[in-house]
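Shown next, in C-alpha cells, is the structure this report addresses.
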Amino acid sequence: MELKTVESIPEATILFAGDSGDGMQLTGSQFTLATAYAMNDLATLPDFPAEIRAPAGTTYGVSGFQLHFGSVNIQTPGDEVDLLVAMNPAALKVNLERVRKGGSVLVNTSAFDKRSLDLAGYDENPLENDSLEGYQLIRVELTKLTREALKDSDLNQKEIDRSKNMFALGLALWLYSRPVEPAERWISAKFAKKPDILEANLHLLKKGYHYGETTEQFVSRFEVDPASLEPGRYRAIQGVHALALGLLAASVESGLPLFYGSYPITPASDLLHTLSRYKQFGVMTFQAEDEIAAVGATIGAAFGGSLAVTGTSGPGVALKAEAIGLAHIMELPMVIVNMQRGGPSTGLPTKTEQSDLLQAMYGRNGDSSLPIVAPSTPGDCFEAAYEAARIAVTYMTPVMLLSDGYLANGSAPWLIPDPAELPSFPVKFATKTNATIEGEEVFHPYVRDRETLARPWAKPGTANLEHRIGGLEKQDETGNVSYDAANHEMMTRLREEKTDRVARDLPPLDIYGAKEGDVLVVGWGSTRGSIQAALDRLLAAGRSVGAVHLRHVNPLPLDLEEICGRYRELIVPELNNGQLVRILRDKYLLPFRSFTKIQGRPFMAGEIVSYVESVIDGGQDNG
Amino acid sequence: MADDKKPRKPTLPPGMGGKSAAAGGKLPPGKRPAPTLPPGKSASATLPPGKRPPAKLPPGKRPPGKLPPGKRPPGARPPGVGGDGASGLTRADFSTDQDVRWCPGCGDYAILATVQRLMPEIDTPKENVVFISGIGCSSRFPYYMKTYGMHSIHGRAPTIATGLKASRPELDVWIVTGDGDGLSIGGNHLIHLMRRNVNVQLLLFNNQIYGLTKGQYSPTSEKGKVTKSTPFGSIDHPFNPSALVLGADATFVARTMDRDPKHLKRMLRETHDHRGTGFLEIYQNCNIFNDGAFFEYTEKATKSDRTIFVENGKPLVYAGGTMGLRLNGLKLEPIDLTGDKWSKDDCLVHDETSVELAGVIGRMFRVDTLPQPFGVFYRVSRPTYEDQLHSQIQDVLDRRGKGKLGELLNSGDTWEVSG
Ligand code: SF4
C-alpha cells in the first residue's frame, strides 16, 4: 500500500555531493541509469576534483554529480538544484549556493561532527543555526543507519562506511519514483566475485528505498512522466563513448582500419580506454611515450592508409602542433580530438572550457588552416566524430574535433542511429600513375581532385606509386621539394582553399527560434543546450530572438553571413575569454557582442537569458 | 629545432652523378611552370580546377650521365635486366631524379650508394619499402631513394615509423636519423622504439656534430669540443649510443662506418634481416664541420690498431691478429698475441646473445687503451610490437567473432520510445 502522496512534476535537478571517496560519481551515474529507464530526458554534469584522493572532508576534495531530468525537453544539467544530497559539511558548503530557494537539502547528519565542520571551514554547525532557513532540510543519519543496517555483515568498519552512498541512492530513487532494478543488476554484475560487498550493497540500496517509505520526514514523493522523445530505441550515453562509437562507425563504413594514438591526459583518456576495447573491430590503439609520439604514430598510420586519429586535451595539442603542421603540408587525413579543459597550461584539468578554439585555428607555425568540427551534445559527439573523419578523408587533411570536458563526461539520452542511415563514406586509394614525363609513366602525389582539391592517397605497398612526402614545401603536382617563391605562395593558398571548400558540403544552418528579429545568438560546441534552453525562455517571454549553432567553425557555413544580417544584435556566448567572436568579427566585420563565462562550468540558461534581455533592453556596451 | 637550410651550395663532386657545379642549388629559370597565381588573389578565383598547366619537367632536367631512374613501365619488370640483385632490379631503380644536396665529400654519399646497392638484394617488393627520416643532413635520405618515403620533423621519425609499421606490418620500414635528430630532440622516441621492439631498421648517422644548422656540438660530441655554440669548449658529457640503446633493451645493436663499404653493406643487411628493431650506428664523416672525427678508426694508418671488428663465436682479436682482448675480472685487458704469454685461446669469444658481453663491448667507447668495436654487439629475439598488437586483435576476433556495429550501438541499457 502506498502510504505517501505522489506529486507529479515536469522536471527536477538533483545534485549528489560528497568526498571524492564517497562514490558520488557512481551514485550519480546509477541514478542516471534509473532515470533513463524511467524514459525521462536528461542531462548530467559530473564535477570532480583534479586530485585523485584529495584529503577527506576538505572543500577542494568535494566531488559532485548533477543531473537534470524531466518529461519535458531537457537541454542543460539544470541552472538550479532542487535536491542537494550532501554527504558531509564540505559538500554542503561548496554546493549550497546552487540550490534554489525553497529547494531541498538532504544532509548526512552523522558527518557533521566538530572535525568535519572545521575541515569544511564552518565556525558553527549550519544545521544548528539559521543558515539553512529557506531550504527544506532533510536530516538523515546516513552513516549511523548504514552501520545499523550492516551490523551483521562481515565487512569491516571502513568498508561499511564506504557503502553509505548506496543507502543515499536507494533513498533518492524512492523519492523520485525511479526503478531500483537497474542499480541492482549493475551491483550484481560489478561485485559478482565479492559476495560480501554485493550483499551489503544490495541490502543498503533496499534499506534506503524503504527508509523513504517509512520515515516521517517525507510526506510525498515525486513522479516524472516519460519524456516525449522522438520514437526509436534509446540509450543514455556519455559524450566520450558516443565519440568513440562515431570514430568506430567511420571506420566500419569506410572500410579503413581505425588507428588511435594517444597519451594519457584528462579528460581524453576515456577515449583511449574505450577504443582499446574494440579489438573485435580490428581497432588498433597505441599508448605512446608522449603526446608527440602519439601524433607521430597517427601520421604514420595515416600514411599507411588507416583511419588515423589522435586524441588529447589542450596541453597535448600544444605539444602536437608541429606534427599537425606536418600532416597539413603532407596533406594526410587524420582527426585530432581535443577534449578541451580549463587552461592555459595545466589550468583546470577536470573542468570544462571552450578555450582552445583559437589554438585549433591558429596554433601552428606558418599558414595552416584546418577544418574544425565541434559537437554540441553528448550524443552529437557520435555524428561530429563521423563527420570529422569523413572530411579528413574526403579532403585529405587533418581535422580538429573540439569536444570538451562537459560533453565528454556528461550523459544524455541518445537515439541510437541505424548504421544503414549513416552518410556514405567512400574512400579512393590511388592505384595508377597519373602523369607522364618524357614518355615515362609516373606518379605525382600533389595532383588534385578538381572539386575537393584533395591530393591522391597512395598507400605504401602500391606498385609504381612510390613517392616521397615531407615537411619541406612541395612543388605543385610533382610534390618535389621546392623553394620557388611563387610556388610557395600558390601552395599556401591552395591548402587554405581546400579547407574553405569544405563549406560547400555543409547543410544550411538551422535557426532555432525567430528567423529574423532583435537578437541572433551564435554559439558553437557544448553550449548548445544552455543556449536553446535560454531561447525557450526568451521566446516564451515574447522576445524576438533566434540562435544558430555552429558545428563547423572552420570553414564557417556559407549562409551564416546572410543570416546574421537579419538581426539587429549579434551575441556570441562562449566558455572562454572571447574566441569565436574574434573569428566572426574578423570574417564578417560585424559588431558581434561577446558574452563569456570562464569558470570551468557550463552556462546556466538563466545567465544567457539575462544577458540577451539586457542587450535588447539596452545598457550593454559592446564588449 | 634545426632549420632546414643547405649548409653549402649543393655542388657535387665529380662522379657523384650530380649536375654541374654551376647549376648550384638554384632552379634554372623556367624549370617548372611558373604558378599562375598573382599575389593577393584567392586561389579559387584564379585556379579553376583542371586549368593548371601539366606538370611536365622540361627536357634536360635530368643530369647527363645518370641512369634514367625507373624506366620500367608500370607493373612490368624489365626482362633480362642484368642487375646485381635477384629481384631483377638494380641500384638505378632505387635512385630518384632529385639532385643529391649533401656537401661534396660528405660521408652520406657512401651510405646512400651502399643502401641503394643493397636494396636489389633484399627480397621485399620495392613498393613495400619505406624510408622515414627526421630533420638534419642525414634526414634528406628518403628524397634520394626511389621507394616510399617521408622526410618528417625533427626527432620524430621513430614515432611515424612505429605507427606505420604497427598498422602495416608487411611494410619494410627504415628510419634514417642522426646524432642530433635521434639522440637529442628525438631521444625519448629512440629509447621507446627499442623497448617496444618494432620490426624496423634505425640507421643512426653519427657525425658528432650538427651539420644542417652549421656546426653546433651534438649529444655525441666529445667533451671540450670547440664549436660555434661552445667557443670555450663543450661541457656536455657525450652519449655512447650503443650503451644507451642497450639500456633501453634493444634487441639488435651494431656499429659500422661510412668508409668501409663492405662492412657497411654487411651490417646494413644484418640490421635489415633482424626481426625486431635493428639499431645500426654508422660513423659518418662531416667533412665540413667535423672533418676527421673518426679518422682514427677509418683511416689506414690507425684503423687496424684502433678498431676491433667483432664476430659471433670468434675471439676478440685486432691489429691484424697481433692483439687480443681478455677479461681480467670484470675489466677488459688488451693482450699481445705475438709473444709466448698469450694466444687466441686466452681471448674473450664474442657471443651476440650475451647481454653482459654486449655491455662490455658496448662500453668499449673511446678508451685510449682499447680499440673501438664495430660489428654486431648484440642480437636476441623478442616478440615484436606489431606482432603482439595484431595477435591480440586476432585473439579477440577468434574468441568473440567479428564485431557488428549495429549490435555495439544497441548494447548496454536501451529503451524504446514508441511513436
Ligand atoms: S653532414 Fe656535414 S658534410 Fe655532410 S651534408 Fe651535412 S654539413 Fe655537409
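Listing for the model above:
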item: Average beta-carbon neighbours from other chains, 10 Å sphere, peptide A:490-496; result: 5
item: Cβ charges +1 (Lys, Arg) and -1 (Asp, Glu), total dipole of the range B:282-419, debye; result: 140 debye
item: Cα gyration tensor shape of the range A:5-223, rounded if a/c is under 1.5, else prolate or oblate by comparing a/b with b/c; result: rounded
item: Computed [θ] at 222 nm, deg cm²/dmol, chain A (DSSP H ≥ 4; -39,500 (n - 2.57); rounded to nearest 500); result: -10500 deg cm²/dmol
item: Taking N as its residue count, the alpha carbon Rg of the range A:1-114 over 2.2 N^0.38 Å; result: 1.09
item: Relative packing of peptides A:261-267, B:314-320 - highest average C-beta neighbours within 10 Å first; result: A:261-267, B:314-320
item: DSSP beta bridge pairing in chain A, given as percent antiparallel to the nearest 5; result: 35 percent
item: Three-way shape label, the range A:512-616, alpha-carbon gyration tensor, a/c 1.5; result: oblate
item: Order of A:174, A:524 under a 10 Å beta carbon neighbour criterion, fewest first; result: A:174, A:524
item: Signed unit charges on C-beta, dipole axis of chain A, positive-most listed residue A:523, A:39, A:344; result: A:39
item: Charge dipole of chain A about the Cα centre (unit charges at C-beta), most positive-ward option of A:442, A:226, A:454; result: A:442
item: Dipole magnitude of the range A:512-616, debye to nearest 20 (Cβ charges: Lys/Arg +1, Asp/Glu -1, about Cα centre); result: 200 debye
item: Cα gyration tensor shape for the range A:316-411, rounded if a/c is under 1.5, else prolate or oblate; result: oblate
item: Candidate aspartates and glutamates - alpha carbon under 20 Å from residue B:126, same-chain residues fewer than 8 apart omitted; result: A:440, A:441, A:466, B:84, B:93, B:97, B:170, B:172, B:270, B:273
item: Using a Förster distance of 51 Å, the FRET efficiency for residue A:156-residue A:216 (Cβ separation, nearest 0.05); result: 0.95
item: Extension gain (nm, one decimal) between residue A:516 and residue A:483, 0.36 nm per residue minus Cα-Cα; result: 6.8 nm
item: Translational D in µm²/s for the range A:382-426 (Stokes-Einstein at 20 °C, 1.002 mPa s, Kirkwood Rh from C-alpha pairs); result: 174 µm²/s
item: Exposure proxy order (Cβ contacts within 10 Å, fewest to most) of A:511, A:9, A:563, A:608; result: A:9, A:511, A:563, A:608
item: DSSP-defined beta bridges in the protein assembly as shown - what % are antiparallel, rounded to 5; result: 35 percent
item: Entries in A:459/B:146; A:351/A:597; A:164/A:207; B:223/B:331 that, when Cα-Cα distance is taken, lie over 21 Å; result: B:223/B:331
item: Shielding by partners - mean other protein chain Cβ count within 10 Å, residues of A:271-284; result: 4
item: Sorted by Cβ density within 10 Å, fewest first, the residues A:109, A:27; result: A:109, A:27
item: Dimensionless Rg over Rh [the protein assembly as shown; C-alpha; Kirkwood]; result: 1.04
item: Added length on full extension, which subtracts the Cα-Cα distance from 0.36 nm per residue, residue A:52 to residue A:617; result: 198.8 nm
item: Average partner coverage of A:439-451, which counts Cβ from other chains inside 10 Å; result: 3
item: Contour minus Cα-Cα distance for residue B:248 and residue B:121 (0.36 nm per residue); result: 42.6 nm
item: Chain A pair-distance distribution - Cα-Cα, 20 Å bins, rounded %; result: 19, 48, 27, 6, 0
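Only the coordinates and a few stated rules stand behind these numbers; no lab work does. Since the structure is predicted, the reported quantities are computational estimates derived from the model, not experimental observations. So basically every Cβ, Gly included, is an ideal-geometry build from the backbone, and we count neighbours across all protein chains shown.
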